[in-house]
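To start, the structure itself, in structure tokens.
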Amino acid sequence: MSIIRRTAVLAAAVALLASPVAAALAASSDTSPASRGSSQASAGVPTPAERADAARATAARMTAADIVDVPVSFTVRNTNRSKTGCRTSGGTYTVRGHLTAPASVLSGSKRAVTLYQHGIASGEWYWRLDVPGYHYAEELAERGHASLTIDRLGYDTSDRPDGFGTCIGAEADIAHQIVRQLRSGRYALDAKSATDPAAVKGSPPKFDTVTLAGQSNGGQVVQIEAYSFGEVDGLMIMDWSDRGLTPEANTRFFSALQTCMAGGQPSQKASDPKGYAYYDLGADQFRRGNFHDTEERVVDAATPHQNRHPCGDMTSQLDSVFTDLEHLGSIKVPVLLVYGDDDARVTGGAAHRRLFTGADTELVDIPGAGHYATMARSAPRTFDRIARWLDARDL
């Protein structure tokens, strides 16, 4: 194992053992067959053909609603200039995603957009689930807001370096690079693949106002970006709390850490870069750990997307918590915090809110929702709350 890999793994192990939940890990370890991922996914999981049909139906709905949905890409450096210390291997890569917005927003003179960062066990798909009423970017566009959703470096359609060659600080740095490109218009879009090619002719749109949002450890990414670089206009943190990770969450972390200590797995195919791991071992853990009060069709649609994450993202996460606790009070922009009341993995939203001593904050608790809070049955009301918060602050 290389020096970078050894350093990353050892740092995570030390942070884990030093954390107050360490003693709870062994006590809460689940050794049942279901916890080992032996359970089969629901028979309702859609086939690839059904998933393709669902994607076409989503595109048709957005076209009918005059919503532009266009693939975009960003050239980024895998560097870490943030305030949290973790190492990267350097290099230039491509991060891919979609810009989803009402056509009227893109044609307006003053444009605002929110850049969304997914969590460790998901990808861009979290914001683009092809189930009517649960496609986050579509729902926010119907409420008048532009969204940029991406696969973070190392995930799905974006480039995937060695999993030990990136880290949580690098993800924050890359988010900062994307924010700057959104403001300057120096990124690429595939107008031919847009739902409305006529609405995105010419140069990529520039945005005057950029909000950052993150779900699960994507929430940590956006926090780090905000206190390290200070060039965003608002912050949304969903299902993340630095001191609120539950024993169940840390048990999953410790299990994935063992995979990383053994060198990790290929990102997807056997020939892909290595240094990746699953946070949940199997579909059953994924479903039980992330969803509560959620329609079965939503859980079924999400399950096939479960993916591996870069080990460097995970092994740098706990050490970065201490940096967060030192710097969260320096954030000055408005902050919205969103939590499911029945989240099995994150608690303590009110306590986390109190760490933002320099910001105007608002807390939204979603009754009955789990870790994937915006996928619960209450999703329409949650989308309304988020849209109202953005509207009230001209974001």
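Structure values in brief
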read-out: Selected residue [open to solvent by 50 Å² or more (accessible area, probe 1.4 Å) and in a helix (DSSP H, G or I)] from R96, R81, R87, R56; value: R56
read-out: Number of the exception - Y339 against (1) assigned to a strand (DSSP E or B); (2) of a type outside the set (D, E); (3) surrounded by fewer than 19 Cβ atoms within 10 Å (Cβ to Cβ); value: (3)
read-out: Residue in segment 229-252 that is within 30 Å of T84 (Cβ to Cβ), part of a helix (DSSP H, G or I) and in contact with a strand residue (DSSP E or B) (Cβ under 9 Å, 6 or more places away or on another chain) present; value: yes
read-out: Those residues of segment 221-266 which are among the polar types (S, T, N, Q), open to solvent by less than 10 Å² (accessible area, probe 1.4 Å) and at pLDDT below 95, in sequence order; value: N250
read-out: Neighbours by Cβ (under 7 Å, 6+ apart or cross-chain): first from segment 64-92, at positive phi; second open to solvent by less than 20 Å² (accessible area, probe 1.4 Å) and small (G, A, S); value: D66/A103
read-out: Cross-chain or 6+ apart pairs with Cβ under 7 Å, segment 199-226 first and part of a loop (DSSP other than H, G, I, E, B), then aromatic (F, W, Y); value: P204/Y187; S216/W240
read-out: The lone exception for A350 - which of (1) among the aliphatic types (A, V, I, L, M); (2) open to solvent by less than 10 Å² (accessible area, probe 1.4 Å); (3) farther than 29 Å from H135 by Cβ it fails; value: (2)
read-out: Within segment 105-157, considering residues that are part of a helix (DSSP H, G or I) and among the hydroxyl-bearing types (S, T, Y), the one modelled with the lowest pLDDT; value: S107
read-out: Pairs with Cβ under 6 Å, 6+ apart, first in segment 366-394 and of a type in the set (F, W, Y), second in a helix (DSSP H, G or I); value: Y372/N290; F383/E139
read-out: The one condition in (1) without any contact (Cβ under 8 Å) to a residue 40 or more places away in the chain; (2) in a helix (DSSP H, G or I) that R287 fails to fulfil; value: (1)
read-out: Test: residue in segment 180-196 that is open to solvent by less than 30 Å² (accessible area, probe 1.4 Å), over 30 Å from G263 (Cβ atoms) and within 20 Å of the chain's Cα centre (by Cα); value: yes
read-out: D324 vs. criteria open to solvent by 50 Å² or more (accessible area, probe 1.4 Å) and at pLDDT 95 or above; value: no
read-out: Residue that is farthest from the chain's Cα centre (by Cα), among those in segment 119-139 that are of a type outside the set (G, A, S) and within 17 Å of D239 (Cβ to Cβ); value: Y134
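The values are calculated or read from the model by the stated rules, or taken from the named source; none is laboratory data. What you see is a predicted model, and the numbers here were worked out from it, not measured in a lab. In this analysis, Cβ positions are derived from the backbone assuming ideal geometry, glycine residues included, and neighbour counts consider all displayed protein chains. To get the accessible areas, we keep the full protein, side chains included, count just its heavy atoms, and leave off ligands, DNA and RNA. Shrake-Rupley method; radii C 1.70, N 1.55, O 1.52, S 1.80 Å.
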